[in-house]
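Trainee: The structure's right below; bear with me while I get my questions together.
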Amino acid sequence: MRHLGKRSLVKLGPRFALALSLTFAASAPMAALAIPHEGDVAPPFSISKVGGGSIDLSKFRGKPVYVNFFASWCGPCNEEAPDVAKLYHAYHARGLTIVGVDELEDASKAGDFAHTYAWPFAVGVDADGSVGHTYGALGLPIHVFIDKRGNVSTYRLGEMDHAEIEEAIKKIL
């Protein structure tokens, strides 16, 4: 059996790290996972914002918030990204805030993704995966819809289509 040295593991990069962490997380008991449930207070976070500054979830208290966890390499994330932009334009005037959280990538990849899909809302980077861990990131995408009181209304791990995202948005407006 061949063993990989420390340098070999470093070369494998963040995708391997995410896949490895998901493998270990999948073997953990479900009670140990930090997955927010409907009615739970949304876990607070503060992350670096692409382009400078930061995104602090607590600053959106009193507003309906849709948090979209994504990564540039995630196929379903790329498929649903145009719908997320369309729904932002449809509901922003009614108070909807959308926050994109790029999981385990750098600001350059996050910015490129947001630019590709013309995302007009704030996008931040969870470079170390700590926010994703708090939100039970066993895979991507993750959708978290938070009501004006700061409580989770809908939590979804995995791809959502336009109608599903819109239905979850309407519940928090």
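Values quoted throughout were computed directly from the atomic coordinates according to the rules given, and no laboratory measurement underlies them. In this text, all values refer to a predicted model and were calculated from it rather than measured experimentally. Cβ atoms come from the backbone with ideal geometry, glycine included; neighbour counts cover every protein chain shown.
Trainee: Suppose the filter is touching a Gly at 6+ places or on another chain (Cβ under 7 Å), surrounded by 21 or more Cβ atoms within 10 Å (Cβ to Cβ), in contact (Cβ under 8 Å) with a residue 60 or more places away in the chain and part of a strand (DSSP E or B); does VAL144 pass it?
Mentor: Values: touching a Gly at 6+ places or on another chain (Cβ under 7 Å): no; surrounded by 21 or more Cβ atoms within 10 Å (Cβ to Cβ): yes; in contact (Cβ under 8 Å) with a residue 60 or more places away in the chain: yes; part of a strand (DSSP E or B): yes.
So VAL144 does not fit the description; no.
Trainee: Moving on. Which one of these does VAL101 not meet: (1) touching a residue at least 60 places away in the same chain (Cβ under 8 Å); (2) under 18 Å from GLY158 (Cα atoms); (3) not small (Gly, Ala, Ser)?
Mentor: Here VAL101 meets the rest and fails (1).
Trainee: Please indicate, with yes or no, whether at least one residue in region 111-118 is surrounded by 15 or more Cβ atoms within 10 Å (Cβ to Cβ), touching a residue at least 12 places away in the same chain (Cβ under 8 Å) and closer than 18 Å to PRO36 by Cβ.
Mentor: Scanning region 111-118, I find no residue that is surrounded by 15 or more Cβ atoms within 10 Å (Cβ to Cβ), touching a residue at least 12 places away in the same chain (Cβ under 8 Å) and closer than 18 Å to PRO36 by Cβ, so the answer is no.
Trainee: Further question on the same structure: Is one or more of the residues making up region 149-163 in contact with a helix residue (DSSP H, G or I) (Cβ under 6 Å, 6 or more places away or on another chain), in a helix (DSSP H, G or I) and closer than 16 Å to ASN78 by Cα?
Mentor: Checked against the condition, which is being in contact with a helix residue (DSSP H, G or I) (Cβ under 6 Å, 6 or more places away or on another chain), in a helix (DSSP H, G or I) and closer than 16 Å to ASN78 by Cα, region 149-163 yields at least one hit.
Trainee: When region 42-56 is examined, which residues are found to be in contact with a strand residue (DSSP E or B) (Cβ under 7 Å, 6 or more places away or on another chain), more than 17 Å from ALA168 (Cα to Cα) and of a type outside the set (Ser, Thr, Tyr)?
Mentor: The answer is ILE47, LYS49, VAL50, ILE55, ASP56.
Trainee: Does THR134 satisfy the condition of being under 21 Å from PHE45 (Cα atoms), surrounded by fewer than 19 Cβ atoms within 10 Å (Cβ to Cβ) and out of contact with any strand residue (DSSP E or B) (no Cβ under 8 Å at 6 or more places or on another chain)?
Mentor: yes
Trainee: Let me ask you something else. Suppose the filter is loosely packed, with under 15 Cβ neighbours inside 10 Å and either under 11 Å from the mean Cα position of the chain (by Cα) or among the charged types (D, E, K, R) (or both); does GLU103 pass it?
Mentor: On the way: loosely packed, with under 15 Cβ neighbours inside 10 Å: no; either under 11 Å from the mean Cα position of the chain (by Cα) or among the charged types (D, E, K, R) (or both): yes.
For GLU103, the condition - loosely packed, with under 15 Cβ neighbours inside 10 Å and either under 11 Å from the mean Cα position of the chain (by Cα) or among the charged types (D, E, K, R) (or both) - is not met.
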